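Visitor: First the structure, then my questions, so here it is.
The values are calculated or read from the model by the stated rules, or taken from the named source; none is laboratory data. Being a predicted model, the structure only gives us computed values, none of them experimental. Cβ atoms come from the backbone with ideal geometry, glycine included; neighbour counts cover every protein chain shown. Accessible surface areas use protein heavy atoms only, side chains included; no ligands, DNA or RNA. Shrake-Rupley method; radii C 1.70, N 1.55, O 1.52, S 1.80 Å.
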Protein chains: 2
Amino acid sequence: MSTSGRRETLSRVRVLAAAIAQADADGLESLNMRGLAHELGVVPMALYKHVANKEDLLDGMIELVVGEIEATARTGRWKQDVRARILAARRSLQRHPWSRAVLESRSAMTPAMLAYLNGLTGLFLDGGLSADLTHHVMHALGNRMWGFSQELFAATPPTDPSFNTQKDELPMRFPHLAAIARAAMHPDRPSQGGPGCDDQAEFEFALDLLLDGMETLHAQNWTSIA
Amino acid sequence: MSTSGRRETLSRVRVLAAAIAQADADGLESLNMRGLAHELGVVPMALYKHVANKEDLLDGMIELVVGEIEATARTGRWKQDVRARILAARRSLQRHPWSRAVLESRSAMTPAMLAYLNGLTGLFLDGGLSADLTHHVMHALGNRMWGFSQELFAATPPTDPSFNTQKDELPMRFPHLAAIARAAMHPDRPSQGGPGCDDQAEFEFALDLLLDGMETLHAQNWTSIA
DNA sequence: TGACATGGTGTACACGGTACACCTAGATTG
DNA sequence: CAATCTAGGTGTACCGTGTACACCATGTCA
């Protein structure tokens, strides 16, 4: 809030929290140093006493968000535990729509990220998977370990000039896409969340596909050496 | 080249090609309208006669790259065909390291992207998978359909202040990560490509994991309606 | 021959990150 | 208690980048 308890000395976390609030409210592109400073009732350059630069600000923001991922209870069944942990991550990151883009743009690992990774890895290892398999399996999870599916589908149809978007030219030109789009629509359970697909369901589908595959490999003592 | 056959009237593709060359050579962050114009021996604003704005420039760039994905021959075995098609996409996009970031930042689908998607979808459908399963399966592939794995691992360790990166504090704090890192190292086949993992191998591992899972689901007539 | 379209030019502006020198109040110390 | 130090907030100014806008050159067509 712009108009309330101003001036209780800044701090790194206060800056980060305000940045997160800003990004949550108006999107990542609306986050800039000037606006953020204003929101904190302070002059832009004041921020630089608490964050090194904007990169550092972004790093700090995901650091907080990732740090909030709840540590799920362990049942001793690795597949279930991994699943729960990843869905917990999803819950945290989903609260901050910008987090995906930021996380993917970062190249450095922060402590909180490493801690999460380490914990997840531990679930596999404790479950008896070899370090070798665990390594590959973590790669296979990829960014999905953070709980987001690879959007690329929420994409809007092109506003391309050479493109007669009008009427149903698209179904004509891309019949296969039209077919699966139709399939996504009509199943009796109304797909919640957006006009097409249930993102949560899609996410869990993919996650389970991976987990089941991993389980199979584990069961057959898979190893990377041919 | 700055010093050669200047002035043969611009065109959208010439602009796009120059932009791609620039991004290939010096990275995406070095791509700006002024530099690009200079490279083409023209004043910055001239570009705007051929691209609407920078967004449009980026759209055009991936459009070209995606358009270059080779259409792989079909064997009639869907799993194999999908695999080949995706690896072809990978080859194209890998030639342009910036393409991943651009592709993920775009929200609109361009004709070439739709065409690729449509083709890939067709492989599943022609292979006999239901539209329902195909739909979910495309989601599960996610961005991996473009042939990139979710990096997040090439990440450099943190330069964090509160972080004693010195010595081997990291292995102490993150023992599980250390374990799989070790596993990635020593297997006798020296992991090519980078100091850690063979990216190509990781990609194919994950892809095959998904494809095998899909095959299993297909074989048991999976459907989304519980 | 003159009007128009296509495409390149020049100028100028707004926005965003941030370097740098400064100031100030509270803590520290001789 | 005065002198000093220091953490934290200030003001100004600069640079890089996208792009609006008015203009001009050239070649086509009636």
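Visitor: Going from most exposed to least, what order do A:Thr72, A:Thr216 have by accessible area with a 1.4 Å probe? List each step's numbers first, then the result.
Guide: On the way: A:Thr72 25, A:Thr216 75 Å².
Ranked from most to least accessible, the order is A:Thr216, A:Thr72.
Visitor: A further question on this structure: From the label point of B:Arg34, set 7 Å from Cα along Cα→Cβ, how far away are the matching label points in the other copies, in nm, ordered shortest to longest?
Guide: When each copy's label point is compared with this one, the spacings are 1.8 nm.
Visitor: Related question: Which sequence of B:Lys49, B:Lys54 reflects their accessible areas, 1.4 Å probe, from the largest down? The partial results should precede the final answer.
Guide: Details: B:Lys49 170, B:Lys54 80 Å².
Result, largest first: B:Lys49, B:Lys54.
Visitor: Does the range B:8-164 come out rounded, prolate or oblate, given a ≥ b ≥ c as the square roots of the eigenvalues of its C-alpha gyration tensor, rounded meaning a/c under 1.5 and, failing that, prolate meaning a/b above b/c?
Guide: Details: a/c = 2.53, a/b = 1.38, b/c = 1.83.
Because a/c hits 1.5 or more and a/b fails to exceed b/c, the range B:8-164 counts as oblate.
Visitor: Please compute the average number of Cβ atoms from other chains found within 10 Å of each residue's Cβ in peptide B:127-139. Please list the in-between numbers first.
Guide: Working: counts 0, 0, 1, 3, 9, 6, 3, 4, 14, 9, 4, 7, 15.
Mean number of neighbouring Cβ atoms from other chains: 6.
Visitor: Continuing with this model, one more query. I want to check the label-to-label distance for B:Arg12 and A:Gln200. Put each point 7 Å from Cα in the C-beta direction and report it in nm to one decimal.
Guide: Modelled inter-label distance: 4.2 nm.
Visitor: Follow-up question, since we're still on this one. State, to one decimal in nm and shortest first, how far the label point of A:Gln220 sits from each corresponding label point in the other identical copies (label point: 7 angstrom along Cα-to-Cβ).
Guide: Label-point distances to the other copies, shortest first: 1.6 nm.
Visitor: Debye calculation, C-alpha points only, no solvent: report log10 I(q)/I(0) for the range A:80-131 at q = 0.31 Å⁻¹, in the same order as the q values.
Guide: -1.18
Visitor: Further question on the same structure: For peptide B:207-214, how many partner chain Cβ atoms fall within 10 Å of a residue's Cβ, on average? Present the calculation step by step, with values, prior to reporting the outcome.
Guide: Numbers: counts 1, 3, 12, 5, 2, 5, 9, 2.
Taking the mean over all residues of the peptide, I get 5.
Visitor: Next up: Which distances, shortest first and in nm, link A:Pro97 to the matching position in the other copies, using label points set 7 Å out along Cα to C-beta?
Guide: 3.2
Visitor: Also: Can you name the chain A residue with its Cβ nearest the rotation axis from A to B, and give the distance in Å as a whole number?
Guide: Nearest Cβ to that rotation axis, in whole Å: A:Gly213, 2.
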